[in-house]
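A.B. asks: The structure is given below, and queries will be raised subsequently.
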Amino acid sequence: MSALPLVKYGQPILRKVLENVDDFDSIQNLVPDMFDTMYEEEGIGLSANQIGVDLNLMVIDISHTDEPHPPAAFVNGRIVERSGTSSMEEGCLSVPGVQVNVTRAESLRFAYQDLDGNSQEKDFDGLMARVIQHEMDHLTGRLIIDHASMVDKHRIRKQLKELSAG
Ligand code: NI
């Protein structure tokens, strides 16, 4: 297991709709690396394209927050139902230094496969629902900056320019 370099804003893979996982054997070594990378960067969620891998796969660990939930890996995730709304400032490891107010569903029903390929469907709310939506955005090529208001877009314009210049 080892932490991998993080893909930052400006790299095309962050704007791609990622491929479904068919071969579950191929992700068994990848998932521990994703957790390690997330911990190294002190994040609470990570999508596969953030380490340059084109697969519908995310890891989340909010177990240290006041909404404890065991660390989880979700494969081929799909949000099947959303309800309520909540707004919160979000950051993203791939867009360092940028915070954007993002309105998302308060709760959701999430269909996914576990690491053994078994289909699951569960309800999530609060922080877990928020992080799932953040990572689902990544898996469909979206970033927090896409949720920014006009005022926020203006505010972060210079930071984004510097980030994409590498
Ligand atoms: Ni992110």
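The values are calculated or read from the model by the stated rules, or taken from the named source; none is laboratory data. Quick caveat: nothing in here was measured; it's all calculated off a predicted structure. So basically every Cβ, Gly included, is an ideal-geometry build from the backbone, and we count neighbours across all protein chains shown. Each accessible area value is taken on the protein alone, full model and side chains, heavy atoms only, with ligands, DNA and RNA left out. Shrake-Rupley method; radii C 1.70, N 1.55, O 1.52, S 1.80 Å.
A.B. asks: Examine region 59-69 for a residue that is away from the ligand (no atom under 14 Å from the Cβ), free of Cβ contacts under 8 Å to residues at least 40 places away in the same chain, within 22 Å of L6 (Cα to Cα) and assigned to a strand (DSSP E or B), and state whether such a residue exists.
C.D. replies: No: region 59-69 contains no residue that is away from the ligand (no atom under 14 Å from the Cβ), free of Cβ contacts under 8 Å to residues at least 40 places away in the same chain, within 22 Å of L6 (Cα to Cα) and assigned to a strand (DSSP E or B).
A.B. asks: Mind checking which residues of region 9-45 are closer than 12 Å to S94 by Cα and of a type in the set (A, V, I, L, M)?
C.D. replies: If the condition is that a residue be closer than 12 Å to S94 by Cα and of a type in the set (A, V, I, L, M), then I13, L14, M38 are the ones that fit.
A.B. asks: Looking only at residues in region 97-112 that are within 13 Å of I145 (Cα to Cα) and within 14 Å of the ligand (Cβ to nearest atom), which one is most open to solvent (accessible area, probe 1.4 Å)?
C.D. replies: So the residue we want is Q99.
A.B. asks: Still on this model: When only residues in region 75-96 that are of a type in the set (S, T, N, Q) and in contact (Cβ under 8 Å) with a residue 24 or more places away in the chain count, which is nearest to the ligand (Cβ to nearest atom)?
C.D. replies: Filtering first and then ranking leaves S94.
A.B. asks: Return the residue satisfying two criteria in turn: it lies in region 113-165 and is among the hydrophobic types (A, V, I, L, M, F, W, C) and in a loop (DSSP other than H, G, I, E, B), and of such residues it is most open to solvent (accessible area, probe 1.4 Å).
C.D. replies: Here the answer is A165.
A.B. asks: A follow-up question, please. Please enumerate the residues belonging to region 27-38 that are more than 15 Å from the ligand (Cβ to nearest atom) and farther than 12 Å from A73 by Cβ.
C.D. replies: N29, D36
A.B. asks: For region 83-96, how many residues meet the condition of being open to solvent by 50 Å² or more (accessible area, probe 1.4 Å), under 22 Å from L6 (Cα atoms) and assigned to a strand (DSSP E or B)?
C.D. replies: So the count comes out to 1.
A.B. asks: Find the residue count for region 113-131, including only residues that are touching a strand residue (DSSP E or B) at 6+ places or on another chain (Cβ under 6 Å) and within 16 Å of the ligand (Cβ to nearest atom).
C.D. replies: 3
A.B. asks: Continuing with the same structure: When Y9 is evaluated against the numbered criteria (1) in a helix (DSSP H, G or I); (2) under 18 Å from M136 (Cα atoms); (3) aromatic (F, W, Y), which criterion, by number, is the only one it fails?
C.D. replies: Checking Y9 against (1) in a helix (DSSP H, G or I); (2) under 18 Å from M136 (Cα atoms); (3) aromatic (F, W, Y), the one that fails is (1).
A.B. asks: S2 is checked against (1) among the hydroxyl-bearing types (S, T, Y); (2) within 14 Å of the ligand (Cβ to nearest atom); (3) over 25 Å from G126 (Cα atoms) and fails just one. What number does that condition carry?
C.D. replies: All conditions pass for S2, except number (2).
A.B. asks: Out of the residues in region 35-59 that are more than 17 Å from Q113 (Cα to Cα) and of a type in the set (A, V, I, L, M), state the one that is most open to solvent (accessible area, probe 1.4 Å).
C.D. replies: Here the answer is I44.
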